[in-house]
Amino acid sequence: MFVSRLRLREVGLKYAQGLLMRALSSMIRRGRWRIVLRTAVLLGSATFAVAIQSPPVHRMSLDSDGAPGPPSIPISSVSHSNNCDRIARLAEQLQASPRGTVLQRIQGPEQTTPLTASGKFRLAVKNFSDPLNIAGIALDSAISTATSSSKSAFGTGWPGFGRRFGMSMSDEGLSEFFSTYLISTLAHQDPHYHRDPGSSVGKRIGYALSRVVIARSDSGKPMFNFAEFVGTTASSLVESSYHFERDESPGAVSSRIFVSIGSDAGWNLMNEFLPDIAKHLNPRFIFLRRLAERAAKQN
């Protein structure tokens, strides 16, 4: 029974991974490079964070007769040289830093107290100024500029890149302002995404896709996702005032709103399963450990 459950879980994770790969392929074909870049970096960051949270492996020493003896003493407590001390401090920093930053970017932290209005504003500013977010917008703008024709409304070369980058940053700022800060504050809604790792794969897929409709209030209760629908609509209407290249008919604006909501549903699906996929990649820091061993032998 236990083996069958493990097998079912592996199949479910492979199915979820396949969904993510198909979603990424679709985004690449549609030119959504910014989302693809953010997903790739998040996956690598999650893999890094999960790997360094695993407990260190202590090798067993052997007695003279070949029987296993007590575990060897960690290297950081054997050597007292400056090199080994620096390596030990580096290892401690690697083990401590990503746990509270990278994984909380993937899943919302479980809070004992809700975010205040100022806290939601700081979160919006943090999301907007995230270097990964800015790099994704820059890459998307560069690809659009390189693949556009000379008749493009934005133009070509650096002027065209600057116009695209400026408008995309404005779009991102409006989205964060309305969804993460203003509407979340007025509706008393938690702007974080919270994963559901304890459920089955099928339930988690349905849960992730439904989070664009069902959100969590500041008190932890389910509520309608006002930030998604009202915030996306408000930001789209404001964007229409300066996007000179777009079709601003009611049908086109409505289509962009629902495409944005659908993209957020796909992003929720990635957020739900990225840490699980990262666990299966789980690289080991063999190089760092061997470097410490070599430094200990030299001293």
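The values are calculated or read from the model by the stated rules, or taken from the named source; none is laboratory data. For clarity, every value in this text was computed on a predicted model and none was experimentally measured. FYI the Cβ positions are ideal-geometry reconstructions off the backbone, even for glycines, and counts take in every protein chain you see. Note: areas computed on protein heavy atoms with side chains; ligands, DNA, RNA excluded. Shrake-Rupley method; radii C 1.70, N 1.55, O 1.52, S 1.80 Å.
Just one of the numbered conditions (1) of a type outside the set (D, E, K, R); (2) touching an Asp or Glu at 6+ places or on another chain (Cβ under 9 Å); (3) modelled with pLDDT of 95 or more; (4) open to solvent by less than 30 Å² (accessible area, probe 1.4 Å) is not true of HIS194: (3). Checking the condition assigned to a helix (DSSP H, G or I), under 22 Å from TRP267 (Cβ atoms) and not aliphatic (A, V, I, L, M), which residue from SER199, SER144 passes? None of the other options fit; the residue is SER144. If I go through the stretch 222-239 residue by residue, how many of them are open to solvent by 30 Å² or more (accessible area, probe 1.4 Å) and not aromatic (Phe, Trp, Tyr)? The number of residues fulfilling the criteria is 6. For the stretch 70-82, the criterion of being open to solvent by less than 30 Å² (accessible area, probe 1.4 Å) and at pLDDT below 85 is satisfied by at least one residue. Exactly one residue out of SER219, SER170, SER210, SER149 is open to solvent by 50 Å² or more (accessible area, probe 1.4 Å) and without any contact (Cβ under 8 Å) to a residue 24 or more places away in the chain: that is SER149.
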